[in-house]
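Just below is one structure, and these are the notes that go with it.
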Amino acid sequence: TRAGKGTFIVGNITSGVNASFDAAVRMSPDGGWGHLIEVRQILEPEIAALAAMRASEEQLKKMQQAVEQMDRALTKDPQDVLEFLEGDFTFHMTMAEATGNPLMLMILNPVVKLMRDLQRYHLSQVEGGGKRSQQNHKLVIEAVQSRNPEKARQCMRMHLQQVREDVESSHGSLRSTH
């Protein structure tokens, strides 16, 4: 590819995907949260497994730094969720980047961005939600750092189930309707 050309095309595609996901979620009667979580439950365990096999040392360090950022956010002010969510976004997107598949970033980016609105609410409404989420992040990063794809997959499943349960406790059932 020629410098500037690929980036421009990917940027336009990513913007289009973001807009499409945003429209689909906002048109859904339940706000689309159940669909977003379901997509994450399908994609992210495999992303974690691939990251365990493929992550560079630099990507592992960046994921660890994101976990540390979330720790700091929780100890400073558990009600101030913006710094926590920034670390969470970095953690999940770096894991997607670590797969080595650029399509993972393009697919996951709009999903994780849209989930921020929901997480901003539920982290402040659900007692201990941030701490539970952070415990799961630590299990995931440990599995990825130890290069154990099956454990990374399992820990990410546990994390996303916890996210689903916390969101449901603050919003009611999120069963996807097809």
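The values are calculated or read from the model by the stated rules, or taken from the named source; none is laboratory data. These numbers come from a predicted model, not from an experiment. For neighbour counting, all protein chains shown are included, and Cβ atoms are generated from backbone atoms with ideal geometry for every residue, glycine included. Surface areas here come from the heavy atoms of the whole protein model, side chains and all, with no ligands, DNA or RNA. Shrake-Rupley method; radii C 1.70, N 1.55, O 1.52, S 1.80 Å.
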query = Under a 1.4 angstrom probe, counting protein chains only, how are MET63, MET104 ranked by accessible area, largest first?
reply = MET104, MET63
ask   = Separation between the ILE42 and LYS76 pseudo-spin-labels, each 7 Å from Cα along Cα→Cβ, expressed in nm?
value = 3.6 nm
remark   = Diffing the range 144-155: the Karplus 3J(HN,Hα) column from phi (6.51, -1.76, 1.60, θ = phi - 60°), in whole Hz with x for Gly and Pro, holds 5, 5, 7, 6, 10, x, 5, 5, 4, 4, 5, 5
ask   = With labels modelled as points extended 7 Å from the Cα through the Cβ direction, what inter-label distance (nm, one decimal) is found for SER146 paired with GLU83?
value = 3.0 nm
remark   = Distance in nm between SER169 and ARG120 label points, each 7 Å along Cα→Cβ, equals 2.3 nm
query = Ignoring ligands, DNA and RNA, how do ILE47, ILE42, ILE107 rank by accessible area with a 1.4 Å probe, largest first?
reply = ILE42, ILE107, ILE47
